[in-house]
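Peer 1: Have a look at this one before I ask anything.
What follows draws every value from the coordinates through simple rules; no lab data is involved. Please read these numbers as outputs of a predicted model, since none were measured by experiment. Using ideal geometry, Cβ is built from the backbone for each residue, glycine included, and neighbour counts are taken over all protein chains shown.
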Amino acid sequence: MTTKAPIANTVDIGKAASAAFLRLPEVPALFRKRAARFQRLALGHPLEPFLRFMGRLAEAQAEAVRALKPGGLPDAREIEAAKADGLPPLGGDGLLEGSYWRGVLTAILKSVADGDVPEETRQVIEELNKEAPAILDGRARAVLSDDVPEASRGAAVFIAASLQVRWAVAASMLPPEGFQPLEDGRRCPVCAQAPLASTIGPASEGQSTRYLHCRLCTSSWNYVRIKCAACGSTEGIAYHGIEGTDQAVRGETCDSCHGYVKILSTEKDQGLDPMADDIATTGLDLMLAEGGWERASANPFLLTT
Ligand SMILES: [Zn+2]
Ligand SMILES: [Zn+2]
């Protein structure tokens, strides 16, 4: 046993090093935690009804993961070949194939409709329940490419929630090793989508503990601590928070591209969730927009850029 120990340690260190670059999602735990975070943030919040609805949607996502058999993954050899070429193995719209994502949608619609929902939302649910697969796939492609018409935004919330489950379940099944930064780290190495927000935790062993969070597959990847997540500039970076708050969520703005990405401090609040806390801080988005800053990537549940 003793002679084997150093070998085992070496393997462990190798795994830890690759895990430090990429954190694949744990489902359904991620959606359950998110649901709880939405409900906690909703208390006394000006957007309370919407945050409570989002909490129920996250709970419905967790239930769909538990209830349905996961759909297929791309072939293992294709995944390895993509990683070796520095390509995102879950990029594009290949995961729309098969019926799994639409099964997730049906389950989510049913969960939400079982509760109290405003008439307007009930109509959207009924409409989606009647739509043909080809129409739903078209809606999904529009969400994936950030090209949702104004009139379809209510439906897009349910589509986005279902796609997130589809991609997160697939990402959770991938071997975590061998991923490479995509576009200098500005895109998700797993699915090539833009980051929703970033988190920063206490530094350990001199390493940056900043992570960008994918808005689709919900993976997180390590990123330079002070660097624009939209254009990659390291100059002219500033941080803006709302005065009178604990500033756990701030906007990281960039003079080069005039964009911003939110940065959430887990040192200040360990319960932060990139999705729930992004939606609960739309006041910060308004403040930054007034200052002339543009949000770098849309939240698929708000579809604001
Ligand atoms: Zn991703
Ligand atoms: Zn920039």
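Peer 1: What nm value, rounded to one decimal, do you get for the distance between H258 and Q270 when each label is placed 7 Å out toward the C-beta?
Peer 2: 4.2
Peer 1: Using the Cα gyration tensor of the range 12-172, with a ≥ b ≥ c the square roots of its eigenvalues, what is the shape: rounded (a/c below 1.5), prolate (a/b larger than b/c) or oblate (neither)?
Peer 2: Here the range 12-172 falls in the oblate category.
Peer 1: Subtracting the Cα-Cα distance from 0.36 nm times the residue separation, let me have the gained length for D246 to A132 in nm, one decimal.
Peer 2: On the way: separation 114, 0.36 × 114 = 41.04 nm, distance 4.73 nm.
Full-extension gain reported as 36.3 nm.
Peer 1: Separate question: Kindly provide the helix-only [θ] at 222 nm of the chain, computed as the sum of -39,500 (n - 2.57) over DSSP H runs of four or more divided by all residues, to the nearest 500 deg cm²/dmol? Present the calculation step by step, with values, prior to reporting the outcome.
Peer 2: Working: 10 runs with 134 residues, N = 305.
Roughly -14000 deg cm²/dmol at 222 nm, from the helical runs in the chain.
Peer 1: If only Cα atoms are counted, what is the Rg of the range 36-126, and what is its Dmax, in Å?
Peer 2: Gyration radius and largest Cα-Cα distance of the range 36-126: 17.5, 50 Å.
Peer 1: If each residue's Cβ is checked for other Cβ atoms within 10 Å, how do M54, M275, M287, M173 rank with the fewest at the top? Write out the running numbers ahead of the final one.
Peer 2: Details: M54 26, M275 23, M287 16, M173 13.
Neighbour counts put them in this order, fewest first: M173, M287, M275, M54.
Peer 1: Can you put I108, I135, I226 in order of Cβ neighbours within 10 angstrom, beginning with the fewest? Walk me through the numbers before you get to the answer.
Peer 2: Working: I108 25, I135 11, I226 14.
Going from least to most buried by this count: I135, I226, I108.
Peer 1: Give, to the nearest whole percent, the P(r) tail of the range 181-305 beyond 22 angstrom, counting all Cα pairs. Intermediate values should be presented prior to the final figure.
Peer 2: Numbers: 2107 of 7750 pairs.
Across the range 181-305, Cα pairs with separations above 22 Å total 27 percent.
Peer 1: Also, quick follow-up: With a point put 7 Å past each Cα toward its Cβ, work out how far A113 is from A29 in nm, to one decimal.
Peer 2: 3.3
Peer 1: Within the range 151-239, report the chymotrypsin sites (Phe, Trp or Tyr not before Pro) that DSSP leaves as loop and that have at most 14 other Cβ atoms within 10 Å. Mind showing how you got there, number by number?
Peer 2: On the way: sites: F158, W167, F179, Y211, W221, Y223, Y239; in loops: F179, Y223.
Answer in residue order: no site qualifies.
Peer 1: I've got another one for you. Calculate, in nm to one decimal, what R122 and E290 gain on full extension: separation in residues at 0.36 nm each, minus their alpha carbon distance. Mind showing how you got there, number by number?
Peer 2: Values: separation 168, 0.36 × 168 = 60.48 nm, distance 3.45 nm.
The span from R122 to E290 would gain 57.0 nm if fully extended.
Peer 1: Which pairs break 20 Å Cα to Cα here: K33/K268; K110/K130; K227/K262; K69/K110?
Peer 2: On the way: K33/K268 18 Å; K110/K130 13 Å; K227/K262 12 Å; K69/K110 17 Å.
Exceeds cut-off: none, every pair is within range.
Peer 1: Using a 10 angstrom cutoff on alpha carbons, build the Gaussian network for the chain and name the most mobile of A140, A248, A132.
Peer 2: Residue with maximal mean-square fluctuation among A140, A248, A132: A132.
Peer 1: Please work out how much length the chain gains when fully extended from A67 to A151, using 0.36 nm per residue of separation minus the C-alpha to C-alpha distance, in nm with one decimal.
Peer 2: 27.1 nm
Peer 1: Further question on the same structure: Under a 5 Å amide H to amide H cut-off, with H placed in plane at 1.01 Å, what residues pair with R187 once short-range neighbours are removed?
Peer 2: Answer set, sorted by chain and number: L182.
Peer 1: For the chain, count all C-alpha to C-alpha pairs, find those more than 34 Å apart, and express that count as a whole percent of the total. Before the final figure, lay out each step's value.
Peer 2: Values: 10000 of 46360 pairs.
The share of Cα pairs beyond 34 Å in the chain comes to 22 percent.
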